[in-house]
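The values are calculated or read from the model by the stated rules, or taken from the named source; none is laboratory data. Note that the structure is predicted; figures quoted are calculated from it, not measured. Because the Cβ atoms are built from the backbone with ideal geometry, glycine has one as well, and the counts that use them run over all protein chains shown.
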Amino acid sequence: MAHRFQVNLRGVIDLLSHHLYSTPGVFVRELLQNATDANRARQHLEPTHPGAVHVELIEKQDGGPPTLLFRDEGVGLTEEELHRFLATIGESSKREAIEAHRADFIGQFGIGLLSCFMVCDELLVVTRSVRGDGSTWEWRGRHDGTYSVGPSAHPMERCGTQVFLLPRPDAAEYFTPERVRQLILHYGGLLPYPIHLTAHGHTEHLNSAPPPWRRTYPSAAARRQALLAHGREVFGMDFVDCISLRAEAGGVEGVAYVLPFSPHFNARQKHRVYLKGMLLSESAENLLPDWAFFVKCVVDAQGLRPTASRESFYEDATLSRAREALGQLLRQYLVDLATEQPRALQRLIALHGLSVKSLALDDDDFYRLVIHWLPFETTLGTMTLEHYRQESSTVRYVNTLETFRQVARVAAAQGLCIINAAYTHDAALLEKLPRVHPDAQVELFSAARLPQGFEELTHEEDEAVARLRRVAEEALEPFRCEVSIKKFLPPEVPTLYGDASDGAFQRDLERAREETDALYASVLEGALGKRSDEERPQLCFNLRNPVVRQLARVRDTAQLRLSVEMLYVQALLLGHRPLNAREMALLNRGLLGLIAARLDDDEGTGGMH
């Protein structure tokens, strides 16, 4: 024995108001949608039918809340259709038409009329069908799930449908002229049929102007101004720029606005989307690619499928193609900025820099789009990666701020361009370059390599500094530091300290060993013991420096050794390298030695005067 499901209409209405629809005011959208679709359905039968929607607030004699009337001159309903479509949840009067003309209608689910029960307890529908015998029928539905159908005592002169709503006391706020006007413009301001509102004996046409992206302007500048003004009106903020959007798939057109602030790239932007002129959602998230975090958009779609709540779009092939096309327009916008307005692009990247870099790491297509426009700090000044690669076939970078500070002056003096990739995401972006652009060469630069390009000493100069080299090697051997003497720019720099490839790591191990207990120290000792002689750091003396040249002439071995040790410590400090215990002792001993030497000089010349 078969049984029918029993539907609790109160429960369904609660479901609609709390889970499917975002606000009770959405009933205005549903009634506008029904009227619009009824006009479209009639135009399929009568192509010259103009179509219109009339909304009226009918005042009551006793001063109570007015009755709200929605009237269209659309296709109308027959008696059989009233029973079939208005009494069955999920059935739609446009079902057959939808199958033949799916892209022509906004509503496709047959539940929109139930939204009216969020603001009223009883609903009256009066209708006359263009396919009927000229009779006018009434359907009266109640919130308890009962309904009645019968001939109307007030026959309609024209075909179409009238919907009457008497508000519940707790919903009276939705039945004032100001609120009705606001809701109509909010949801239906872009609808193609004229919407007329009558209140207090006055009738006004609410949606006379087409959306700003469909209007004609005297110039591109005027168009941009109008679109930015529209963005300010819609979103309540001033945008940096606007981008026209259009996609054949889904019949999408509108405007994307460049945000004036930098959101997190994982924070998906919420967009205002319309479906055939009807507001679908103010928080749609799936229309643009994930990487388009820097824009908010307003669009009208003609051929995308709405979800049941009509507040988002179904993920299907059409939406995917539309999203791809809109993404291409946004990419082209960035390309055009790069070629025509590079400063504007620089401002955009500066505004959204961290988010741009984060997304570029996750999205290869976006990486290809922006990587050469990203600015990097280098030893020769800030420049884009494109500019860098025009000057050098190999991209050289350092990944710590300490190393960059150490090599910056010397590398710049040699004309060597090194990128400071110590900032967030920069090193990872550069390391990714060869994977996305196989022709690119990227190299992690070490300060120890700088001396390879320095000027070698002549035979006479080499002999003159032989004693300095020998004393320096002996002084720095306990620190496993090699010594070289060359000539390089700028002459103000006396020494350059260069770590081995793992020098910073080894230095951290040494400090950890000194500051931890015996057991852990023995483990670290084993790690330190694996370091080979080839991995030693190097201290390069600059013979162009006056102090170094003077040191080469010092005959007092103790004074020469002390000076070398102090220059070694200075090089470490200038490179922002932490000193281990032996180096701290060396610094203290050196300072005391210099003070003692100064005091001895003062005593030899008679002391204080």
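Taken as a whole, the structure leaves V119 outside the set of residues that are surrounded by fewer than 22 Cβ atoms within 10 Å (Cβ to Cβ) and farther than 20 Å from D37 by Cβ. Against the list (1) modelled with pLDDT under 90; (2) over 17 Å from F27 (Cβ atoms); (3) surrounded by fewer than 19 Cβ atoms within 10 Å (Cβ to Cβ); (4) in contact with a helix residue (DSSP H, G or I) (Cβ under 8 Å, 6 or more places away or on another chain), the condition H143 fails is (2).
In segment 140-168, which residues are in contact (Cβ under 8 Å) with a residue 60 or more places away in the chain and not in a loop (DSSP other than H, G, I, E, B)? Hits for segment 140-168 are Y147, V149, G160, T161, Q162, V163, F164, L165, L166, P167. Applying the criterion of being in contact with a Phe, Trp or Tyr (Cβ under 9 Å, 6 or more places away or on another chain) and in a helix (DSSP H, G or I) to the residues of segment 455-473, the residue that is surrounded by the fewest Cβ atoms within 10 Å (Cβ to Cβ) is R469.
Applying the selection to segment 297-340, what residues are loosely packed, with under 13 Cβ neighbours inside 10 Å and touching a Lys or Arg at 6+ places or on another chain (Cβ under 9 Å)? If the condition is that a residue be loosely packed, with under 13 Cβ neighbours inside 10 Å and touching a Lys or Arg at 6+ places or on another chain (Cβ under 9 Å), then Y314, D316 are the ones that fit.
Would you confirm whether any residue within segment 265-283 is of a type in the set (S, T, Y), closer than 27 Å to D37 by Cβ and assigned to a loop (DSSP other than H, G, I, E, B)?
Within segment 265-283, not a single residue is of a type in the set (S, T, Y), closer than 27 Å to D37 by Cβ and assigned to a loop (DSSP other than H, G, I, E, B).
The criterion of being at pLDDT 75 or above, more than 38 Å from the chain's Cα centre (by Cα) and closer than 23 Å to G250 by Cβ does not hold for H54. Of the numbered conditions (1) in contact with a strand residue (DSSP E or B) (Cβ under 7 Å, 6 or more places away or on another chain); (2) farther than 27 Å from K276 by Cβ; (3) in contact (Cβ under 8 Å) with a residue 60 or more places away in the chain, R409 fails exactly one; give the number of that condition. With respect to (1) in contact with a strand residue (DSSP E or B) (Cβ under 7 Å, 6 or more places away or on another chain); (2) farther than 27 Å from K276 by Cβ; (3) in contact (Cβ under 8 Å) with a residue 60 or more places away in the chain, R409 is out only on (1). Checking each residue in segment 191-228 for being polar (S, T, N, Q), modelled with pLDDT of 95 or more and either within 35 Å of the chain's Cα centre (by Cα) or over 23 Å from P65 (Cα atoms) (or both) picks out S219, Q225.
For segment 218-231, does any single residue satisfy the condition of being part of a helix (DSSP H, G or I), in contact with a helix residue (DSSP H, G or I) (Cβ under 7 Å, 6 or more places away or on another chain) and farther than 23 Å from D300 by Cα? Looking for residues that are part of a helix (DSSP H, G or I), in contact with a helix residue (DSSP H, G or I) (Cβ under 7 Å, 6 or more places away or on another chain) and farther than 23 Å from D300 by Cα, one finds none in segment 218-231, hence no. Annotation: of all residues in segment 482-493 being surrounded by fewer than 21 Cβ atoms within 10 Å (Cβ to Cβ) and more than 46 Å from the chain's Cα centre (by Cα), the one that is farthest from Q414 (Cα to Cα) is E482.
Among the residues examined, S148 does not qualify as surrounded by fewer than 17 Cβ atoms within 10 Å (Cβ to Cβ) and at pLDDT 90 or above. Of note, G251 satisfies the criterion of being in contact (Cβ under 8 Å) with a residue 24 or more places away in the chain and at positive phi.
Summed over segment 372-418, residues that are assigned to a helix (DSSP H, G or I) and either within 21 Å of L496 (Cβ to Cβ) or in contact with a Gly (Cβ under 7 Å, 6 or more places away or on another chain) (or both) total 13.
When we screen L476, L528, L551, L524 for residues that are touching an Asp or Glu at 6+ places or on another chain (Cβ under 9 Å), modelled with pLDDT of 90 or more and of a type outside the set (D, E), the only hit is L476.
Within segment 178-191, residues that are in a helix (DSSP H, G or I) reach partners that are surrounded by fewer than 15 Cβ atoms within 10 Å (Cβ to Cβ) with beta carbons closer than 7 Å, at six or more positions or on different chains, in the pairs R179/E173. Sort through V299, V255 and tell me the only one that's within 19 Å of the chain's Cα centre (by Cα) and within 23 Å of R40 (Cα to Cα). Exactly one of V299, V255 is within 19 Å of the chain's Cα centre (by Cα) and within 23 Å of R40 (Cα to Cα), namely V299. Scanning segment 151-167 for residues that are out of contact with any Pro (no Cβ under 9 Å at 6 or more places or on another chain), surrounded by 14 or more Cβ atoms within 10 Å (Cβ to Cβ) and on the phi < 0 side of the Ramachandran plot gives S152, M156, C159, T161, Q162, V163, F164, L165.
Of note, T382 satisfies the criterion of being touching a Pro at 6+ places or on another chain (Cβ under 9 Å), at pLDDT 90 or above, over 21 Å from P263 (Cα atoms) and of a type in the set (V, I, T).
Going by what's in this entry, would V126 be described as under 18 Å from E30 (Cβ atoms), in the same structural domain as G25 (by TED's automatic domain parsing) and free of Cβ contacts under 8 Å to residues at least 40 places away in the same chain? Answer is yes for this residue. Being in contact (Cβ under 8 Å) with a residue 60 or more places away in the chain and in contact with a helix residue (DSSP H, G or I) (Cβ under 8 Å, 6 or more places away or on another chain) holds for only one residue in L304, L319, L275, and it is L319. Within the bounds of segment 440-454, is there any residue that is touching a residue at least 60 places away in the same chain (Cβ under 8 Å), assigned to a loop (DSSP other than H, G, I, E, B) and either more than 43 Å from the chain's Cα centre (by Cα) or surrounded by fewer than 19 Cβ atoms within 10 Å (Cβ to Cβ) (or both)? Yes: one or more hits. On inspection, S148 does not qualify as closer than 25 Å to E59 by Cα, of a type in the set (S, T, N, Q) and in the same structural domain as L86 (by TED's automatic domain parsing).
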